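Each remark here refers to the structure printed beneath this line.
The values are calculated or read from the model by the stated rules, or taken from the named source; none is laboratory data. Nothing here was measured: the structure is a model prediction, and the numbers come from that model. Cβ placement follows ideal geometry from the backbone for every residue including glycine, while neighbour counts extend to all protein chains displayed. Surface accessibility is based on the protein's heavy atoms, side chains included, excluding ligands, DNA and RNA. Shrake-Rupley method; radii C 1.70, N 1.55, O 1.52, S 1.80 Å.
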Amino acid sequence: MTELRNTYDVAVVGAGPAGLAAATVCARSGLSTVLFDEQPAPGGQIYRAVTSTPLKRDTILGTDYWAGAELTQNFLTSGADYVPGATVWNLTREREIGVSVAGSARILTAERVILATGALERPFPISGWTLPGVMTAGAGQILLKSSGLVPDGRTVIAGCGPLLWLIAWQYLNAGARIDAILETAGTDRAAGWRHAPALAISPYLLKGLRRMLAVRRRVRVVANIVELRAEGRDCVEAVAYRTARGTEQRLLVDNLFLHQGVVPNVNLAMASRIEHRWDDMQLCFSPVLDADGGSTIAGIAIAGDGAGIAGAEAAQARGELAGLAAVRALRPNAPPLAETDAVRTRLARFARGRAFLDAYYKPAVQFRRPARDTLVCRCEEVTAGQILDTVALGCTGPNQMKAFLRCGMGPCQGRECGLTVTELIAQARGVSPQEVGYYRLRPPVKPITLGELASLPKNEAALRSVARG
Amino acid sequence: MFRRLPDTNAGTVDVTIDGRSARVRAGDTVAAALISAGVLASRVADVSRAPRAPYCMMGVCFECLVTVDGVSNRQGCLVAVKPGMRIDTQHGKREVER
């Protein structure tokens, strides 16, 4: 591993398009830059394993994926320190970063921090979603990109969103079998079409349409699914579904992939006390940011999908903007590597059509606020009904509720249940998700051992704070 | 159930999974190795003891918690396989000294 300094001009967290672009701009401008990433290779999820994938054929993943190769190459030659396999578990207002690499923890500081922690798939709580054989569509895509693995046996993909069609298209390119796509109903399709004019000039339109049509030609698609359930004893055996006007149907399956869009991965930013607001269009919490991604804490910026979902190209542009802002702040006299206005124009172009996607693929309420007997918290195994019962007892938000149920207190720290819990409580109380709020996240945002904590170098103040007498 | 695409299995490493030897693809994560080896459940849930398997493959869901070389609660999707690695499916919560 690279020998790390104790202080850097800029620390970037996450090696997806935003983090790679931000770190490249900073390092090329002469700032000492470090990039921490949890994965073993750069690329984030969208360009996952772009330097190491065993897939040699462009025809499987599509040309967009390989665009990540140049971005990654530019970063690797930028002079930035790159630390893969690094879990950042703390970030303070003073920009102290706690990070673990290969079981060893350390703390360092940076003048500027750029969080590019990206997105995660929105929770999809249906009955049976914890059964082996059920995984997210994104997980399936990771297995394809990283390991050349495709589903074998009877396979169904269920849910909604552009990524669902992309993955189906990639699976077909790879020769994998898909028995059916169960497209869940949207809540706001009509509203989506009001944004269609913007989509018409979006760079995504043709690409997306072409892929969707290619998939529809080859796979049975059942649209307007309003009920969905995975069934099985020790693993998934069947998926049961119903369309708005139909009776219940059942398909025997070996693999079920679920997906209903992506949401910002907020854990590190929230634990740093960066202000977030509920986004009614994207149905998630997003950070409050200025035009360069600057957050409500001085010196900490957020770029990429962690700043609100906008896609890979927009993430790269937002990474560049955050990087350019860091350079302006720390090296006011350095010649800029790119014109900020030109990057903003590029960002605006990729933002076109987003409102359509957000509205058209808005996941239906019954898949965001499931029936009472559905498990919401996978770790502590808490149902929607139990959560609603705590509201009846007077709980006003997720933080009171978890004291009763441990919901959100398992190893995933609310990542798989947080949004569901907020929306359930908001609905039960008849208030907005903004008013209900989210889990009060605290460091460490990923579990580390006491041994790692204890082995950290201690300063005088830390020793005094625990000394007796 | 997953299968490997042709020509994607360049090198292999030998590991043990629950004590049985297994040959897995070099470069795979522990979670991917378990999936490709046909291991259906990689852990049992803490509360209900129900079987669980990798769900997100990107470090988010913690469903792939396994014991690697005697250390439990490792996120299988974030750990690369190494020759001779001992991988054990995990049964419930982490225990002291494991």
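Which is touching a Lys or Arg at 6+ places or on another chain (Cβ under 7 Å), more than 25 Å from A:Asn90 (Cβ to Cβ) and in contact (Cβ under 8 Å) with a residue 40 or more places away in the chain, of A:Ala329, A:Ala310, A:Ala291, A:Ala240?
None of the other options fit; the residue is A:Ala310.
In the stretch A:26-39, how many residues are over 19 Å from A:Val101 (Cα atoms), out of contact with any Pro (no Cβ under 9 Å at 6 or more places or on another chain) and not charged (D, E, K, R)?
Qualifying residue count for the region: 5.
Mind checking whether some residue in the stretch B:49-68 is under 30 Å from A:Ile60 (Cα atoms), away from chain A (no Cβ under 11 Å) and either open to solvent by less than 10 Å² (accessible area, probe 1.4 Å) or modelled with pLDDT of 95 or more (or both)?
no
Exactly one of these conditions fails for A:Gly261: (1) crowded, with 23+ Cβ neighbours inside 10 Å; (2) touching a helix residue (DSSP H, G or I) at 6+ places or on another chain (Cβ under 6 Å). Give me its number.
Tallying (1) crowded, with 23+ Cβ neighbours inside 10 Å; (2) touching a helix residue (DSSP H, G or I) at 6+ places or on another chain (Cβ under 6 Å), A:Gly261 fails exactly one: (2).
Can you tell which of B:Leu40, B:Leu5 is open to solvent by less than 60 Å² (accessible area, probe 1.4 Å) and at pLDDT below 95?
B:Leu5
Take A:Gly148 and tell me if it is at the interface with another protein chain (Cβ under 8 Å from one of its Cβ atoms), surrounded by fewer than 24 Cβ atoms within 10 Å (Cβ to Cβ) and either more than 17 Å from the chain's Cα centre (by Cα) or within 23 Å of B:Val44 (Cα to Cα) (or both).
When the stated conditions are applied, A:Gly148 does not pass them.
For A:Ala317, are the conditions met, namely being touching a strand residue (DSSP E or B) at 6+ places or on another chain (Cβ under 7 Å) and in a helix (DSSP H, G or I)?
No, not satisfied.
Residues to consider are A:Val88, A:Val34, A:Val10, A:Val113; find the one that is under 23 Å from B:Thr29 (Cβ atoms), in contact with a strand residue (DSSP E or B) (Cβ under 7 Å, 6 or more places away or on another chain) and in contact (Cβ under 8 Å) with a residue 24 or more places away in the chain.
Answer to the selection: A:Val88.
Which one is nearest to the other protein chains (Cβ to nearest Cβ) among residues in the stretch A:22-57 that are within 24 Å of B:Met57 (Cβ to Cβ) and aliphatic (A, V, I, L, M)?
Within the stretch A:22-57, the match that is nearest to the other protein chains (Cβ to nearest Cβ) is A:Leu55.
Is it the case that some residue within the stretch B:9-28 is at the interface with chain A (Cβ under 10 Å from one of its Cβ atoms), crowded, with 22+ Cβ neighbours inside 10 Å and in contact with a Phe, Trp or Tyr (Cβ under 6 Å, 6 or more places away or on another chain)?
There is no residue in the stretch B:9-28 that is at the interface with chain A (Cβ under 10 Å from one of its Cβ atoms), crowded, with 22+ Cβ neighbours inside 10 Å and in contact with a Phe, Trp or Tyr (Cβ under 6 Å, 6 or more places away or on another chain).
Determine whether the stretch A:60-77 contains at least one residue that is under 22 Å from A:Ala315 (Cβ atoms), part of a loop (DSSP other than H, G, I, E, B) and open to solvent by 10 Å² or more (accessible area, probe 1.4 Å).
yes
Which of the numbered conditions does A:Leu252 fail, given that it passes all the others? Conditions: (1) farther than 19 Å from A:Leu441 by Cβ; (2) within 14 Å of chain B (Cβ to nearest Cβ); (3) open to solvent by 10 Å² or more (accessible area, probe 1.4 Å); (4) touching a Gly at 6+ places or on another chain (Cβ under 7 Å).
Unmet condition: (4).
Conditions (1) open to solvent by 10 Å² or more (accessible area, probe 1.4 Å); (2) within 14 Å of chain B (Cβ to nearest Cβ); (3) outside any loop (DSSP other than H, G, I, E, B), marked per residue:
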site: A:Val376; (1), (2), (3): no, yes, yes
site: A:Leu388; (1), (2), (3): yes, no, yes
site: A:Asn399; (1), (2), (3): yes, no, yes
site: A:Ala403; (1), (2), (3): yes, no, yes
site: A:Met409; (1), (2), (3): yes, yes, no
site: A:Thr422; (1), (2), (3): no, no, yes
site: A:Ala426; (1), (2), (3): no, no, yes
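Looking at (1) under 22 Å from A:Gln141 (Cβ atoms); (2) among the hydrophobic types (A, V, I, L, M, F, W, C); (3) open to solvent by less than 10 Å² (accessible area, probe 1.4 Å); (4) within 9 Å of chain A (Cβ to nearest Cβ), which is the one condition that is false for B:Leu34?
Single failed check for B:Leu34: (4).
Give the residues of the stretch A:428-440 that are assigned to a helix (DSSP H, G or I) and free of Cβ contacts under 8 Å to residues at least 60 places away in the same chain, sorted by residue number.
Listed by number, the residues that qualify are A:Ala428, A:Arg429, A:Glu435, A:Val436.
Could you list, in sequence order, all residues of the stretch A:100-115 that are within 28 Å of A:Gly451 (Cα to Cα) and either more than 14 Å from chain B (Cβ to nearest Cβ) or crowded, with 24+ Cβ neighbours inside 10 Å (or both)?
Correct list: A:Ala105, A:Arg106, A:Ile107, A:Leu108, A:Thr109, A:Ala110, A:Val113, A:Leu115.
I'm checking my understanding of the structure. Among residues of the stretch A:331-374 that are β-branched (Val, Ile, Thr) and farther than 29 Å from A:Trp193 by Cα, which one is most open to solvent (accessible area, probe 1.4 Å)?
A:Thr340
Pick from A:Val215, A:Val222: which is modelled with pLDDT of 95 or more, of a type outside the set (Asp, Glu) and assigned to a helix (DSSP H, G or I)?
None of the others qualify; the one that does is A:Val215.
Anything in the stretch A:428-464 that is β-branched (Val, Ile, Thr) and either open to solvent by 50 Å² or more (accessible area, probe 1.4 Å) or out of contact with any Lys or Arg (no Cβ under 9 Å at 6 or more places or on another chain) (or both)? List them, or say none.
A:Val431, A:Val445, A:Ile448, A:Thr449
Considering only the stretch B:20-44, how many residues are free of Cβ contacts under 8 Å to residues at least 24 places away in the same chain and in a loop (DSSP other than H, G, I, E, B)?
Within the stretch B:20-44, residues that are free of Cβ contacts under 8 Å to residues at least 24 places away in the same chain and in a loop (DSSP other than H, G, I, E, B) number 2.
Take the residues in the stretch A:39-48 that are modelled with pLDDT of 95 or more and either over 20 Å from the mean Cα position of the chain (by Cα) or within 17 Å of B:Ala32 (Cβ to Cβ) (or both), then tell me which one is surrounded by the fewest Cβ atoms within 10 Å (Cβ to Cβ).
The residue in question is A:Arg48.
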